[in-house]
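Okay, structure first, notes after.
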Amino acid sequence: MNRMDSLTAKRRETRYELASAAVARILQDAGNAGIDITLVGSLAKGDFRSHSDIDLLVRGPVTPKRRLLAERLVADATRGSKIPYDLIFEDDLTEDRLQEILHDVV
């Protein structure tokens with residue numbers, strides 16, 4: 001492994017650890033608030049890279065108040081990590097799109 005590969009691997013590892021810690025906090029806080037959030041995307045599939053984001057699916061129906069709460073929980077947990085996220089609401093998806101997203105969830 002050359003120096004560039006080593007640096008890339010270290011960056012990926014650091015981002016993975018930050019993302020994993022943020023997701024753990026999000027899932028804990030969401031559960032405490034009665035909001036069902038599922039990790040989807042590259043982090044869920046084990047394919048998280050140095051430029052990956054965090055993809056989260058808010059399950060079930062959401063009121064405007066619960067939507068705002070979910071958005072705040074995720075923003076608070078990821079603040080300072082410099083890792084972007086996508087917050088997807090099940091209510092906003094067609095059944096086909098929902099099944100696509102859930103297909104690769106571990």
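The values are calculated or read from the model by the stated rules, or taken from the named source; none is laboratory data. On a predicted model such as this, the values are computed, not experimentally measured, just so you know. Here Cβ is always computed from backbone atoms with ideal geometry, including for glycine, and neighbour counts include all displayed protein chains.
Filter the stretch 60-103 for residues that are surrounded by fewer than 16 Cβ atoms within 10 Å (Cβ to Cβ), more than 29 Å from residue 11 (Cβ to Cβ) and in contact with a strand residue (DSSP E or B) (Cβ under 6 Å, 6 or more places away or on another chain) and give the result.
Within the stretch 60-103, no residue meets the criteria.
Being of a type outside the set (D, E, K, R) and at pLDDT 95 or above is the filter here, so list the residues in the stretch 72-82 that pass it.
Answer for the stretch 72-82, where residues must be of a type outside the set (D, E, K, R) and at pLDDT 95 or above: 73, 74, 75, 77, 78.
So that you can scan it fast, the table gives a plain yes or no per residue for (1) more than 22 Å from residue 95 (Cα to Cα); (2) modelled with pLDDT under 95; (3) in contact with a Leu (Cβ under 9 Å, 6 or more places away or on another chain):
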| site | (1), (2), (3) |
| --- | --- |
| 1 | yes, yes, no |
| 8 | yes, yes, no |
| 22 | yes, no, no |
| 26 | yes, no, yes |
| 32 | yes, no, no |
| 40 | no, no, yes |
| 50 | yes, yes, no |
| 60 | no, yes, no |
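Is it the case, given these coordinates, that residue 25 is under 30 Å from residue 62 (Cα atoms), out of contact with any Gly (no Cβ under 9 Å at 6 or more places or on another chain) and charged (D, E, K, R)?
Criteria met by residue 25.
For the stretch 1-16, how many residues are surrounded by 11 or more Cβ atoms within 10 Å (Cβ to Cβ) and of a type outside the set (A, V, I, L, M, F, W, C)?
Of the residues in that region, 8 qualify.
So, restricting to strands (runs of 3 or more DSSP E) that lie completely within the chain, which ones have at least 2 residues that are free of Cβ contacts under 8 Å to residues at least 24 places away in the same chain and under 14 Å from the mean Cα position of the chain (by Cα)?
Ranges flagged: none.
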